[in-house]
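**Q** Encoded as structure tokens, here's the structure I'll be asking about.
The values are calculated or read from the model by the stated rules, or taken from the named source; none is laboratory data. This structure is a prediction, so every number in the text was calculated from the model and none was measured. Neighbour counts run over all protein chains shown; Cβ positions are idealised from the backbone, glycine included. Areas reflect the complete protein model, heavy atoms only, side chains present, ligands, DNA and RNA absent. Shrake-Rupley method; radii C 1.70, N 1.55, O 1.52, S 1.80 Å.
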Amino acid sequence: MSRIVLLHGASSSGKTTLAKALQTRAPFPFLRLSFDTLRDGGALPPAARGDWTKIRDAVFEGLHRSFAGFAESGCDMIVEHILDTSGWHGRLQDLLAGHDLLFVGVFTPPEELARREVARGDRRQGSAVEDAARIHAGLRYDLELDGRAPPKENADQILAAMARPVQARSVFFSH
């Protein structure tokens, strides 16, 4: 059984910074996986982005299957994701069943999301605030974190949650 920390939050909420802090502080190795890892690593060439609507579903199905493949291979993972498409949550429930998953909501106020988005300069302005307004609706988390808090503190909260006796199932599997 693999350990999986699924960080769920809007773009610019601090998921990647938190994931890197968690990798540094964890006493065991974590793979850090996300769509950004693929895109920024060159797996999706810029020329293909023009056909994005045609390939989006297939790309994310492959990404979701890769999470399951790494978990089934015994890799512990930090997954940075935004469950913004109908059916993704259920699909990941099926693919990741049987693993020790901690579902972490990363909440960052709209004004901070907007500030970070402008500073990054690589996202459509306003998309992070739009995401935040809808992606958390109806979800419960094993742990909720403030995306403005120091990443080391948030990482320590995750490690403390992981050190507690494992619950029968993460709330991720009960939605």
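**Q** Scan the stretch 122-138 and report the pairs whose first residue is within 12 Å of residue 11 (Cα to Cα) and whose second residue is among the acidic types (Asp, Glu) and surrounded by 10 or more Cβ atoms within 10 Å (Cβ to Cβ), with Cβ atoms within less than 7 Å and a gap of 6+ or a chain change.
**A** Cβ pairs passing all conditions: 123/117; 125/117; 128/117; 131/84; 135/84.
**Q** Let me ask something else. Condition first: surrounded by 14 or more Cβ atoms within 10 Å (Cβ to Cβ), assigned to a helix (DSSP H, G or I), modelled with pLDDT of 95 or more and not aliphatic (A, V, I, L, M). Can you find one or more residues in the stretch 105-116 that meet it?
**A** There is no residue in the stretch 105-116 that is surrounded by 14 or more Cβ atoms within 10 Å (Cβ to Cβ), assigned to a helix (DSSP H, G or I), modelled with pLDDT of 95 or more and not aliphatic (A, V, I, L, M).
Residues are listed down the side, and each one gets a yes or a no for (1) more than 14 Å from the chain's Cα centre (by Cα); (2) at pLDDT 95 or above; (3) within 18 Å of residue 163 (Cβ to Cβ):
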site	(1), (2), (3)
20	no, yes, no
24	yes, yes, yes
37	no, no, no
40	yes, no, no
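**Q** For the stretch 143-174, which residues satisfy the criterion of being acidic (Asp, Glu) and either in a helix (DSSP H, G or I) or open to solvent by less than 50 Å² (accessible area, probe 1.4 Å) (or both)?
**A** Correct list: 153, 156.
**Q** Let me ask something additional. Cβ-Cβ below 9 Å, separation at least six or inter-chain, first residue in the stretch 41-65 and acidic (Asp, Glu), second at pLDDT below 95 and not in a helix (DSSP H, G or I): which pairs?
**A** 57/85
**Q** Failed condition for residue 94, given (1) of a type in the set (Asp, Glu); (2) open to solvent by 60 Å² or more (accessible area, probe 1.4 Å); (3) at pLDDT below 95, with all others met?
**A** The one condition residue 94 does not meet is (3).
**Q** Now for a different question. Condition test on residue 91, is it within 26 Å of residue 150 (Cβ to Cβ) and basic (Lys, Arg)? Lay out the reasoning, then the answer.
**A** On the way: within 26 Å of residue 150 (Cβ to Cβ): no; basic (Lys, Arg): yes.
Taking the combined requirement at face value, the residue does not satisfy it.
**Q** To continue, here is another question. If you check every pair at least six apart or on different chains, which have Cβ atoms under 7 Å apart with a residue in the stretch 1-26 that is at positive phi first and a residue that is among the aliphatic types (A, V, I, L, M) and in a helix (DSSP H, G or I) second?
**A** Close Cβ pairs satisfying both conditions: 12/113; 12/128.
**Q** Follow-up. Can you tell me which residue in the stretch 18-34 is least open to solvent (accessible area, probe 1.4 Å), limited to those that are touching an Asp or Glu at 6+ places or on another chain (Cβ under 8 Å) and part of a helix (DSSP H, G or I)?
**A** 19
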